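*Asks:* Provided herewith is a single structure, encoded as structure tokens, for subsequent inquiry.
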Amino acid sequence: MARHLVLTGFMGAGKSSSATRLAKALGRESADADRLIEDRIGMPIPEFFDQHGEAEFRAREEAVVLELLARDAPQVIALGGGALGSKKTRRALKKHLTVYLEVAADDAWARVRKSNRPLARDEEAFRALYAERAPAYEDSADAIVANSGSSAMREALPLLRELLARPAGPRMIWASGKTWGYPSVFEPGVLEAGDLWLARRDAVTVTDEHIAKLYPWLDEGIVIPPGETSKTLEQVERVCSALAEQEFARGRQLAAVGGGVVGDLAGFCAAIYQRGTPFVQVPTSLVAQVDSAYGGKTGVDLPAAKNYAGAYHQPDGVLVDTNALSGLPKAELVSGWAEVIKTALIAGDRLWKKVSGGVDFKQPIDPWIIFECARTKLKVVAADERDQNVRQILNLGHTIGHAIETVAGYGNLRHGEAVSIGMAGALRLSGNDELRAEVIDVCKQAGLPVKAKGIPLDTVLDVIRLDKKRVGESVPFVLVNEPGDVTPGHSIAADDLEAAVKELVR
Ligand SMILES: NC(=O)c1ccc[n+]([C@@H]2O[C@H](COP(=O)([O-])OP(=O)(O)OC[C@H]3O[C@@H](n4cnc5c(N)ncnc54)[C@H](O)[C@@H]3O)[C@@H](O)[C@H]2O)c1
């Protein structure tokens with residue numbers, strides 16, 4: 001049977017127009033389920049709804065969609081917004097490449113409010129339906145094209161073509177901001193197979209010694225010593241000089257294969273080598289897979305503070321092999337959970353429910369959690385690439401955390417451990433003590449520390465004052481009202497800050 005490319009998503013996502021364009025580009029026929037249903041029922045859908053009701057419409061819709069999906073010739077098929085309500089349809093979709101065109105509720109409403117769609121007559125009901133349907137779109141998608149304007153679809157096309165040509169299995173998020181757009185592909189097993197297919201064939205890899213031991217084919221590339229102590233200008237010079245020695249020309253691609261240290265360092269080298277060369281991220285640690293690989297922040301530490309020299313440089317793509325986590329030392333996995341918990345607090349909703357609802361930390365992490373963390377981060381970065389406003393929420397727990405990490409000495413406290421302690425501080429400042437207790441409980445269950453006993457209070461407060469996010473004399477803090485409601489830019493009285501940090505270090 002043919003593998004169709006099937007477009008799903010809410011009303012107003014642009015499924016019908018995208019199907020026509022994609023079909024043309026792929027040399028396939030396109031089919032629009034709603035148009036076919038109208039042909040069969042002999043009247044416009046709104047009229048049928050009014051005369052026969054929604055249940056009768058859904059039955060007709062299911063029959064038409066199953067028929068379309070069983071067609072022999074590979075097509076591009078646009079489904080109606082409610083089609084995934086059918087279990088049979090969801091099951092049948094598993095054999096095809098299902099692409100969710102994601103549109104924000106505000107944009108969807110703006111696009112359809114003046115139409116005659118039966119389910120777009122009342123804004124409140126429309127938004128409730130959006131929230132109800134979103135999980136089915138997300139869960140059945142092989143690929144999610146976020147912010148699905150026509151330019152995102154055009155840019156994503158080569159990757160969709162590639163996914164159609166590859167065996168089923170990988171999942172993809174296409175995220176785009178004002179000046180960039182790239183795929184994050186989740187495909188277990190690529191590292192073991194030595195198949196970095198998302199990178200260019202002649203890409204030069206940068207990795208660290210631990211990872212090179214696990215995947216010996218990486219020895220051919222550049223290998224740095226492992227750990228935070230390598231995130232230095234000295235290593236940047238080493239990597240850039242190694243590139244220059246190989247006569248690596250601008251425009252060739254680097255592939256950063258490793259944890260957050262390799263990603264930040266190699267990304268920074270890519271940003272500055274001959275004033276900028278492309279790179280892909282292949283994150284191998286949990287921190288990197290849920291957080292650092294996405295969003296284009298690159299850089300290194302200075303003795304004065306973490307990440308003090310850096311640049312924004314978006315990757316060409318991110319290739320995530322969750323199998324790599326099986327080799328990750330336990331303490332590093334635990335450290336990654338801090339970023340997971342932080343991201344779940346930012347996302348709220350299903351991700352927070354899952355993370356706070358009794359994860360078995362002895363089992364391998366559910367790849368769904370990693371995928372959802374990536375989506376959350378990419379959404380935030382797409383809205384604000386350069387930390388002007390909303391992106392600052394990703395620093396939840398980091399202002400205090402970075403200061404504690406700096407004072408403890410790089411390499412003595414893992415990044416995630418410091419973030420966990422910082423989150424306990426940020427939640428104290430947020431004044432939601434019930435949530436603070438819940439977060440501390442999840443952090444502890446994950447094996448994370450929530451205190452840094454013995455670290456000198458005054459030095460931590462001094463480093464916080466130096467934070468690179470400070471504006472004038474004050475450092476803005478990220479506070480949490482409740483899961484899913486996290487906001488940046490709060491100024492905190494010096495006494496309150498001192499009290500919150502004191503509690504962490506005593
Ligand atoms: N750029 C961003 O947006 C961003 C966001 C969050 C964190 N970060 C940065 O990320 C860094 C922390 O990342 P990290 O925790 O991944 O540190 P890391 O890169 O040092 O990796 C931790 C350890 O795990 C090892 N490792 C990694 N993957 C492995 C695997 N698959 N199997 C076995 N060992 C493996 C590494 O060799 C290292 O010893 C910090 O420097 C932090 O500032 C950056």
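What follows is calculated from the coordinates using simple rules that are stated; it is not laboratory data. Every value quoted in this text rests on a predicted model; they were computed, and no experiment measured them. Neighbour counts are summed over all protein chains in view; Cβ atoms, including those assigned to glycine, are modelled from backbone coordinates with ideal geometry.
*Asks:* For the chain, what size does the Cα cloud have along each of its three principal axes, sorted from largest down, in whole Å?
*Replies:* 76, 55, 42
*Asks:* Right, next: Each residue of segment 279-284 in turn: what ³J(HN,Hα) in whole Hz from Karplus with 6.51, -1.76, 1.60 and θ = phi - 60°, glycine and Pro shown as x?
*Replies:* Per residue, the Karplus-derived 3J(HN,Hα) values read 8, 10, 9, 10, x, 10 Hz.
*Asks:* Right, next: Could you work out how far helix 415-430 tilts from the main Cα principal axis of the chain, as a 0 to 90 degree angle to the nearest 10?
*Replies:* In the chain, helix 415-430 runs at an angle near 80 degrees to the longest axis.
*Asks:* Another one. Place a point 7 Å from Cα of residue 482 in the direction of its Cβ. Which residues in segment 340-364 have their backbone N less than 18 Å from it?
*Replies:* Correct set: 344-357.
*Asks:* To make sure I understand, if each residue's beta carbon is the centre and we count other beta carbons within 10 Å, what order do 273, 294 fall in, fewest to most? Show your work: numbers first, answer last.
*Replies:* Details: 273 21, 294 28.
Result, fewest neighbours first: 273, 294.
*Asks:* Just to confirm the number: angle between the C-alpha axis of helix 123-140 and the first principal axis of the chain, 0 to 90 degrees, nearest 10?
*Replies:* The angle comes out at about 80 degrees.
*Asks:* Additional query: Just subtract the alpha-carbon distance of residue 179 and residue 113 from 0.36 nm times their residue separation and send over the number in nm, one decimal.
*Replies:* So the chain would gain 20.8 nm between residue 179 and residue 113.
*Asks:* Still on this model: Which residues among segment 359-395 fall inside the zone where the amide N is under 12 Å from a point 7 Å beyond the Cα of residue 330, along Cα→Cβ?
*Replies:* Correct set: 362-363.
*Asks:* Taking the alpha carbon gyration tensor of segment 297-342, what are the square roots of 5 times its eigenvalues, largest first, to the nearest whole Å?
*Replies:* Numbers: eigenvalues 117, 61, 20 Å².
Calculated on Cα positions only, the semi-axes equal 24, 17, 10 Å.
*Asks:* When the C-alpha atoms of segment 5-169 are aligned to their principal axes, what extent does each axis show, in angstrom, from largest down?
*Replies:* Computed over the Cα atoms, the extents are 44, 33, 26 Å.
*Asks:* Something else now. Only counting other Cβ atoms within 10 Å, I'd like 21, 275 sorted with the fewest neighbours first. Intermediate results must be reported in sequence, preceding the final value.
*Replies:* Details: 21 16, 275 7.
Fewest-to-most ranking of 21, 275: 275, 21.
*Asks:* Full-extension gain between residue 106 and residue 302, please, as 0.36 nm times their residue separation minus the C-alpha to C-alpha distance. Provide the component values of the computation, followed by the final result.
*Replies:* On the way: separation 196, 0.36 × 196 = 70.56 nm, distance 4.24 nm.
Here the answer is 66.3 nm.
*Asks:* For labels at residue 388 and residue 162 in the simple 7 Å Cα→Cβ model, what's the distance in nm?
*Replies:* Once both label points are built, they end up 3.0 nm from each other.
*Asks:* Please work out the FRET efficiency for the pair residue 491 and residue 88, using the Cβ-Cβ distance as r and a Förster radius of 56 Å; give the result to the nearest 0.05. Intermediate values should be presented prior to the final figure.
*Replies:* Values: r = 55 Å, r/R0 = 0.98.
My answer for the efficiency is 0.55.
*Asks:* Okay, moving on. Would you mind checking the tilt of helix 367-383 against the longest principal axis of the Cα atoms of the chain, expressed as 0 to 90 degrees and rounded to 10?
*Replies:* Roughly 90 degrees, rounded to the nearest 10.
*Asks:* Per residue of the chain, what 222 nm ellipticity follows from adding -39500 (n - 2.57) for every DSSP H run with n ≥ 4, rounded to the nearest 500? Let's see the in-between values first.
*Replies:* Details: 20 runs with 235 residues, N = 506.
Only helices count here, giving -14500 deg cm²/dmol.
*Asks:* Need one number: nm distance between label points at residue 366 and residue 35, each 7 Å from Cα along Cα→Cβ, rounded to one decimal.
*Replies:* 3.9
*Asks:* Past 32 Å, Cα to Cα, is the threshold; run 213/362; 379/502; 330/502; 15/353; 114/342 against it and keep the listed order.
*Replies:* Checking Cα-Cα distances, 379/502; 114/342 exceed 32 Å.
*Asks:* Another one. How much length, in nm to one decimal, is gained on full extension between residue 192 and residue 25, taken as 0.36 nm per residue of separation minus their Cα-Cα distance? Walk me through the numbers on the way to the answer.
*Replies:* Values: separation 167, 0.36 × 167 = 60.12 nm, distance 3.36 nm.
Value of the extension gain: 56.8 nm.
*Asks:* What nm distance separates the two modelled labels at residue 309 and residue 465, each placed 7 Å from Cα along Cα→Cβ?
*Replies:* Rounded to a tenth, the inter-label distance reads 2.6 nm.
*Asks:* For residue 202 and residue 499, what does the FRET efficiency come to when R0 = 51 Å and r is the distance between their Cβ atoms, rounded to the nearest 0.05? Can you show the working numbers first?
*Replies:* Numbers: r = 56 Å, r/R0 = 1.09.
It comes out at approximately 0.35.
*Asks:* So how do 297, 379 line up by other beta-carbon neighbours within 10 Å, fewest first? List each step's numbers first, then the result.
*Replies:* Values: 297 23, 379 18.
Going from sparsest to densest Cβ surroundings: 379, 297.
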